[in-house]
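Have a look at the structure below, then the notes.
Quick note: the coordinates plus some simple rules give every number you see, no bench work behind them. What you see is a predicted model; the values in this text were computed from it and never measured. Neighbour counts run over all protein chains shown; Cβ positions are idealised from the backbone, glycine included.
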Amino acid sequence: MTSILAAAPALPLHAAGKYVAGAYIVFLALVLVYVAIMATRLSRTERELGELMQDLQAREQAAESDREVEHVG
Amino acid sequence: MSTYGRGLRGLSIATVTTITVAFALVFFYAPLDADQGFIQKIFYIHVPLAIVSLCGYILGGVFAVMHLRTEDRRWDMRSYVAIHMALIFSIGGLITGSIWAKASWGHWWVWQEPTLVSYLIVVLLFATYQPLRFSIEDPERQARYASVFAIVAGAFVPLNFIAVRLAQGYVHPRVLTLTGGNLPGPMRLTFTVSLLGIALLYATLWKYEMTAKNARMQTRRLRRMLLGEDGVKPLGRSAAPL
């Protein structure tokens, strides 16, 4: 790591450093915020799919119990 | 059935790799600018963000043309997502540009500079795209009007770019020209990789957003098939294509 830093032409942490760091942090922050929003949307879709799955299972169980009643009758 | 998720994994890997290489080149390979010094490193993130966002607006216009030609609503969705992503990239371009301006010129914004102001006009123009969509309730009309807007505004982007290039009084540097510009080799390579990385990021996020929207629409369709119309909550007014 030390050799990599030494090989870099310059990483000046004076006045310029904070502006450069700021610009790159803004870029990373934008990407991260976007990914976080997408993760929220993805979890909502997943929840909706889970609800649909439960509905489907409940229907299948109801249909099965109806068949059993008919069979006994 | 569209499958926007196909190839998304490979594209994501390519994006992460290219951006990592680009950042490594920026900080460990590209020489310091003789005039601006370390501050010039912002160039490698600010300019690609601005270029890719402008290309995104044009792409939105091209997709809108396809929508009007085919009347296929999927093109409207593609146009909407292209413009939506371009706006996000524009915000990045504006903020990084402001930071660079402050460090280089001592001001966050210079109103006399045609490049900055014209870019802001383009961003503000496209910022009205979503409110325009939201103001129209009928989905068919919304899609049609939004497409017309996207085409006209998309055509404005290159015209605006050419007009600014022809302007005389600017302080914004010109390093990229049709004759090759005046970037030295290592800087040019670093810039090219950065531009490729940001372009790949745009493509990945566009695909990601399309996949998410497609999955949501299919979930809704599935709910309608299983539970009928009563089982589906009515959608409120939305700027996004339905």
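Tabulated values for the structure
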{"item": "From phi via Karplus (6.51, -1.76, 1.60), per-residue ³J(HN,Hα) for the range B:121-126 in Hz, x at Gly/Pro", "result": "4, 4, 5, 5, 4, 6"}
{"item": "Separation of alpha-carbon centers, the range A:50-64 and the range B:1-52, rounded to whole Å", "result": "48 Å"}
{"item": "Rg/Rg_globular for the protein assembly as shown, with Rg_globular taken as 2.2 N^0.38 Å and Rg from C-alpha atoms", "result": "1.24"}
{"item": "Rh (Kirkwood; distinct C-alpha pairs) - chain B, Å", "result": "19.8 Å"}
{"item": "Shape call, the range B:113-168: gyration tensor on alpha carbons, a/c limit 1.5", "result": "oblate"}
{"item": "Ranking of B:Leu124, A:Leu49 by count of other Cβ atoms within 10 Å, fewest first", "result": "B:Leu124, A:Leu49"}
{"item": "Straight-distance crosslink candidates among lysines, where the alpha carbon sits under 24 Å from B:Lys233 and sequence neighbours closer than 8 are dropped", "result": "B:Lys213"}
{"item": "Backbone HN-Hα couplings from phi across the range B:213-220 [Karplus 6.51/-1.76/1.60, Hz, Gly and Pro as x]", "result": "5, 5, 5, 5, 5, 5, 4, 5"}
{"item": "GNM result for chain B, Cα springs below 10 Å: residue of B:Phe191, B:Phe161, B:Phe38 fluctuating most strongly", "result": "B:Phe38"}
{"item": "For the range A:13-72, projected area of the alpha-carbon convex hull averaged over all directions, nm²", "result": "4.8 nm²"}
{"item": "Extended-chain gain in nm, criterion 0.36 nm per residue less alpha-carbon gap, B:Val117 and B:Tyr145", "result": "7.4 nm"}
{"item": "Between the range B:132-157 and the range B:99-115, the Cα center-to-center distance that results, in Å", "result": "33 Å"}
{"item": "For the range B:1-78, fraction of C-alpha pairs farther apart than 16 Å, in %", "result": "69 percent"}
{"item": "Exposure proxy ranking, count of Cβ atoms within 10 Å, fewest first, for B:Met187, B:Met225, B:Met66, B:Met217", "result": "B:Met225, B:Met217, B:Met66, B:Met187"}
{"item": "Which of B:Trp109, B:Trp100 has the fewest Cβ neighbours within 10 Å, and the rest in rising order", "result": "B:Trp109, B:Trp100"}
